[in-house]
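So the structure is just underneath, and the comments pick up after that.
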Amino acid sequence: MSELTDLSWKRFIPTLNQRPTQPPLDRDQQQSAYEQLKQSYFAERPPVPAFPLAPAQELKLSETQQLQALRDQMKERGLQMEVKEVETRLEEKKTADTVKQFYCTHKFQTVNAKFGILPIRYKICSKCGLVK
Ligand SMILES: [Zn+2]
């Protein structure tokens, strides 16, 4: 069967010469149909639920930050001995960090920042936190 004699495409032509299956709409019906179509096209999207997409993350302070917070708390409460103790711990932590940086086989990661307009590239060691 050649393309010229195949007439099966004719069934895709809309039924022009057939009788209408429903009566014509009056003005109010047209308007209500139009409103329905409009609402179906521009339907409001349901609000994005915040919780399952962005669960609350637990904030973990570093050891130094924890010690500083503890020192401030002790100062507020007027506990002089504990303040001194925590400060010695802080000094120890500082020396430990310095020693750690000295023996670290640094693995630097570039971090892009901006100082006013100027772009700055920091390099921070991911192991010990040394800034280059
Ligand atoms: Zn390092």
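The values are calculated or read from the model by the stated rules, or taken from the named source; none is laboratory data. These figures come from a predicted structure and were not determined experimentally. Please note: Cβ atoms are built from the backbone with ideal geometry, for glycine as well, and neighbour counts cover all protein chains shown. Keep in mind that these areas ignore ligands, DNA and RNA; they rest on the heavy atoms of the full protein, side chains included. Shrake-Rupley method; radii C 1.70, N 1.55, O 1.52, S 1.80 Å.
Let me spell out the model: positive unit charges on the Cβ of Lys and Arg, negative unit charges on the Cβ of Asp and Glu, origin at the Cα centre of the stretch 30-132. What dipole size does that give, in debye rounded to 20?
Charge dipole, the stretch 30-132, about its Cα centre: 600 debye, nearest 20.
Please calculate how many Å² of accessible area the stretch 63-132 carries per residue, with a 1.4 Å probe and no DNA, RNA or ligand atoms counted.
With all protein chains present, the stretch 63-132 gives 86 Å² per residue.
From the residues Val86, Ser62, Gln73, which one has its Cα farthest along the dipole of the stretch 52-115 in the positive direction, the dipole being from +1 and -1 charges on Cβ of Lys/Arg and Asp/Glu about the Cα centre?
With unit charges placed on the Cβ atoms, the residue in question is Ser62.
Distance from the Cα centre of the stretch 96-130 to that of the stretch 29-94, in angstrom?
25
Report P(r) for the stretch 31-132: all Cα-Cα distances, bin width 5 Å, range 0 to the bin holding the largest distance, values in whole percent.
Pair shares across the bins are 2, 9, 9, 9, 10, 11, 11, 9, 6, 4, 4, 4, 4, 4, 2, 1, 0.
Count the net charge of all other residues whose Cβ sits under 15 Å from the Cβ of Ala113, scoring Lys and Arg as +1 and Asp and Glu as -1.
That works out to +4.
If I compute solvent accessible area with a 1.4 Å probe over the protein chains, what percent of it on the stretch 77-119 is carbon and sulfur?
Values: 2310 of 3980 Å².
That share works out to 58 percent.
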